[in-house]
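The values are calculated or read from the model by the stated rules, or taken from the named source; none is laboratory data. Not measured: the values here are computed from a predicted model. Note that we place each Cβ from the backbone using ideal geometry, even for glycine, and neighbour counts take in every protein chain shown. These area figures cover heavy atoms from the full protein model, side chains too; ligands, DNA and RNA do not enter into them. Shrake-Rupley method; radii C 1.70, N 1.55, O 1.52, S 1.80 Å.
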Amino acid sequence: MADGRYLFQVTAEYEEERIDKYISMLIDSLSRSFIQKLLRDGQVLVNGKAVKQNFRLTEGDEVSFSLPEAVEPDILPEDIPLDILYEDDDVLVVNKPKGMVVHPAAGHYSHTLVNALMYHCRDSLSGINGVMRPGIVHRIDRDTTGSLLVCKNDAAHLSIAAQLKEHSIVRRYRAVVYGVIDQEEGVINLPVGRDPYDRKRMVAGVRNGKEAVTHYRVLQRFHGYGQGYTYIECRLETGRTHQIRVHMEAIGHPLLGDEVYRRNMPGNGKAPCQLQGQCLHAMILGFHHPKTGEYIETTAPLPDYFSHLLHILGG
């Protein structure tokens, strides 16, 4: 990249590749929809001429484009009730409800956990991750419930980030998966990376993926409802995007209610009740306090929908 403009020369391995896919493979941080908008707006040039998104490349083509300057919207505090499991001057742990987005992003600039945190904490949130993610040092998916650790200052943020990097933070999840798992426990050690064919998905075992390790153990088996279901606990050794969802799909037991990671779902996949997204709950979170070093562990009780589901399956 020179003077803010990207410039690439197409090599033989990308012969006949579509221009939109080519750019997405070279720049992982750009979504396919964003790239297609650049193409529609005539911002992507091949050999000096604007091309459409279905244009196919030839070895030696010169591809160039510039990214528009990012404009970050104002993120406003909102008086949204928080279920706080632990709080002091440095950190707090919140029990995130289902359906709440953690931090603002395209299409979600309000009603997020960050909006609620800004109201609750005022100016006491770490700024290391920028104005869009104040206090956020790790995240859980919109439809995943449970414990999320928030940092109130930069020193706390750096400490917690270091604990995440060295895998010393305890994260135990509860989940219900399709199918009956025979073994009592197991370890899934498969690297996780972006799906080269679908940028909204992650995939296990992909080349150049990041190390990802999930430990699981069976809590209860349900043999009814066709293929059956299993209630499990998952312990994260690493924390990759969608790790539990990707790993459980990889071994043929995707999460109940998961509409994205269900390619290896056994049977017809009909759930015994209506669910909003995957049945996954971040139950136990343990960490060493960034200031005192004391070990702190919180437990987020199962949400009502989860308890109700277990009651139905067990009935």
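With Kirkwood's inverse mean 1/r over C-alpha pairs for Rh, give me the Rg to Rh ratio of the chain, two decimals please.
So for the chain, dividing Rg by the Kirkwood Rh gives 1.01.
Could you calculate, for the stretch 103-188, the ratio of the Cα radius of gyration to the Kirkwood radius, expressed as Rg to Rh?
Rounded to two decimals, Rg/Rh equals 1.07.
Hey, in the GNM for the chain with a 10 angstrom Cα cutoff, which one of Gln274, Gln220, Gln163 fluctuates hardest?
The residue with the greatest mean-square fluctuation here is Gln274.
Between Rg and the Kirkwood Rh of the stretch 115-245, both from Cα atoms, what is the Rg to Rh ratio?
Ratio of gyration radius to Kirkwood radius: 1.03.
Just from its helices, what would the mean residue ellipticity at 222 nm be for the chain, if runs of 4 or more DSSP H residues each count -39500 (n - 2.57) and the sum is divided by every residue, rounded to the nearest 500 deg cm²/dmol?
Calculated mean residue ellipticity at 222 nm is -5000 deg cm²/dmol.
Hey, can you rank 245-251, 113-119, 124-130 by average C-beta count inside 10 Å, highest first?
Order by mean packing, descending: 245-251, 113-119, 124-130.
In the P(r) worked out for the stretch 207-266, what percent of Cα pairs fall beyond 17 Å?
Pairs farther apart than 17 Å: 43 percent.
What do you reckon, how do His242, His281 stack up by accessible area (1.4 Å probe), largest on top?
So the residues, ranked largest to smallest area, are His242, His281.
Considering every Cα-Cα pair within the stretch 9-123, what fraction, in whole percent, is farther apart than 23 Å?
Counting every Cα pair in the stretch 9-123, those more than 23 Å apart make up 50 percent.
Using only the Cα atoms of the stretch 77-134, construct the convex hull and provide its projected area averaged over every direction, in square nanometres to one decimal.
Directional mean of the projected Cα hull area for the stretch 77-134 stands at 3.9 nm².
Just to verify a number: FRET efficiency for Glu78 and His308, C-beta to C-beta distance, R0 = 22 Å, to 0.05?
Efficiency at R0 = 22 Å is approximately 0.15.
Sort 178-191, 92-105 by the packing proxy (mean of other Cβ within 10 Å over each peptide's residues), most packed first.
Ranked from most to least packed, the peptides come out as 92-105, 178-191.
Take the Cα coordinates of the stretch 13-60, assign each an equal point scatterer, and use the Debye formula without solvent to give log10 I(q)/I(0) at q = 0.13, 0.22 Å⁻¹.
-0.25, -0.73
So, for the chain, what is the accessible surface per residue at a probe of 1.4 Å, expressed in square angstrom?
Normalised by residue count, the accessible surface of the chain is 51 Å².
What FRET efficiency, computed as 1/(1 + (r/R0)^6) with R0 = 51 Å and r the Cβ-Cβ distance, is obtained for Lys52 and Glu166, rounded to the nearest 0.05?
The value I calculate is 0.60.
In nanometres, what is the gap between the two model label sites at Leu7 and Leu219, each 7 Å from Cα along Cα-to-Cβ?
The two pseudo-label positions are separated by 5.7 nm.
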